[in-house]
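Encoded as structure tokens, here's the structure I'll be asking about.
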Ligand SMILES: [Zn+2]
């Protein structure tokens, strides 16, 4: 039985339910009776974690000790 994901457009209630293809599509939120949106799989996850950590440490400032040319 395929697993369907629904999310309420009113209260944001999201849940998964297994339904056969012959079952009627849910359209009403069991909590608030709002309109449900059918989600086809959870592929909307996007990891755009760019620009969070800058690893460009200023090189050259380290190693100040020593270096005195005698
Ligand atoms: Zn709802």
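Looking at the range 16-29 only, could you name the residues that are in contact (Cβ under 8 Å) with a residue 12 or more places away in the chain and more than 15 Å from residue 2 (Cβ to Cβ)?
Correct list: 29 only.
Let me ask another. State all residues of the range 1-40 that are within 14 Å of the ligand (Cβ to nearest atom), in a loop (DSSP other than H, G, I, E, B) and on the phi < 0 side of the Ramachandran plot; if no residue qualifies, say none.
If the condition is that a residue be within 14 Å of the ligand (Cβ to nearest atom), in a loop (DSSP other than H, G, I, E, B) and on the phi < 0 side of the Ramachandran plot, then 9, 10, 11, 13, 26, 27, 29, 30, 31, 32, 34 are the ones that fit.
Conditions (1) at pLDDT 85 or above; (2) surrounded by 12 or more Cβ atoms within 10 Å (Cβ to Cβ), marked per residue:
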site: 14; (1), (2): yes, yes
site: 19; (1), (2): yes, yes
site: 33; (1), (2): yes, no
site: 37; (1), (2): yes, yes
site: 43; (1), (2): no, no
site: 57; (1), (2): no, no
site: 61; (1), (2): no, no
site: 68; (1), (2): no, no
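The values are calculated or read from the model by the stated rules, or taken from the named source; none is laboratory data. Just so we're clear, the structure is a prediction, and the values are computed from it rather than from any experiment. Here the Cβ is made from the backbone with ideal geometry for all residues, glycine too, and neighbour counts use every protein chain on show.
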